[in-house]
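Report on the structure given below.
The values are calculated or read from the model by the stated rules, or taken from the named source; none is laboratory data. Small disclaimer: the values here were computed from a predicted structure and weren't measured. With ideal geometry, Cβ positions are generated from the backbone for all residues, glycine too; neighbour counts draw on all protein chains shown.
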Amino acid sequence: MTKTENEGKSLTLTGDCSIYEASELCDAFKTALSNTSSLMLDMSGIERVDASFLQILLSLKLEAEKHNVSINFGVIPEMLSSLANGLNCHEFEGSK
């Protein structure tokens, strides 16, 4: 799930990103944030999301800021953008 590229890390997410995968996602994000100055998140392979995934992404963003890690969310899947907008969360606007 995680691969190193240059001086940063890249994390590719595929399949469902929901409450059922929350623990696995949190562990993957913690690992990805360790010992790096930047993280690229590839969400192009995501098939389904729910509000818990949005919460996890917001937490990831805060943790990255706390540890001075730059994070690039890449292309935001339309389903995630729609969910965020529906919940009045504008953290990911302009990331398309």
So which residues in the stretch 35-50 are assigned to a strand (DSSP E or B) and among the β-branched types (Val, Ile, Thr)? Ile46, Val49
Could you give every pair whose Cβ atoms fall below 9 Å, whose first residue belongs to the stretch 21-46 and is without any contact (Cβ under 8 Å) to a residue 40 or more places away in the chain and surrounded by 15 or more Cβ atoms within 10 Å (Cβ to Cβ), and whose second residue is among the hydroxyl-bearing types (Ser, Thr, Tyr) and assigned to a helix (DSSP H, G or I), counting only separations of at least 6 or pairs across chains? Glu21/Ser52; Ala22/Ser52; Leu25/Ser52; Phe29/Ser59
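Restricting the stretch 52-76 to residues that are modelled with pLDDT under 90 and buried (at least 17 other Cβ atoms within 10 Å of the Cβ), which is farthest from Gly15 (Cα to Cα)? I'd like the intermediate steps shown before the answer.
Taking the stretch 52-76 and keeping what is modelled with pLDDT under 90, we get 73-76.
Remaining after also requiring buried (at least 17 other Cβ atoms within 10 Å of the Cβ): 73, 76.
On the way: Phe73: 17, Ile76: 15 Å.
So, considering only residues that are modelled with pLDDT under 90 and buried (at least 17 other Cβ atoms within 10 Å of the Cβ), the one farthest from Gly15 (Cα to Cα) is Phe73.
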In this structure, does Glu65 turn out to be out of contact with any His (no Cβ under 6 Å at 6 or more places or on another chain), without any contact (Cβ under 8 Å) to a residue 12 or more places away in the chain and not in a strand (DSSP E or B)? yes
Please specify each residue of the stretch 10-28 satisfying the condition of being of a type in the set (S, T, N, Q) and farther than 17 Å from Pro77 by Cβ. Ser23
Looking at Gly8, is it in contact with a Ser or Thr (Cβ under 9 Å, 6 or more places away or on another chain), of a type in the set (Gly, Ala, Ser), at pLDDT below 95 and surrounded by 16 or more Cβ atoms within 10 Å (Cβ to Cβ)? yes
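Being under 14 Å from the mean Cα position of the chain (by Cα) and among the charged types (D, E, K, R) is the filter here; which residues of the stretch 64-77 pass it?
First, pick out the residues of the stretch 64-77 that are under 14 Å from the mean Cα position of the chain (by Cα): 64-65, 69-77.
Hit for the stretch 64-77 is Glu65, nothing else.
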Quick one: would you say Ala84 is in contact with a His (Cβ under 9 Å, 6 or more places away or on another chain) and of a type in the set (A, V, I, L, M)? yes
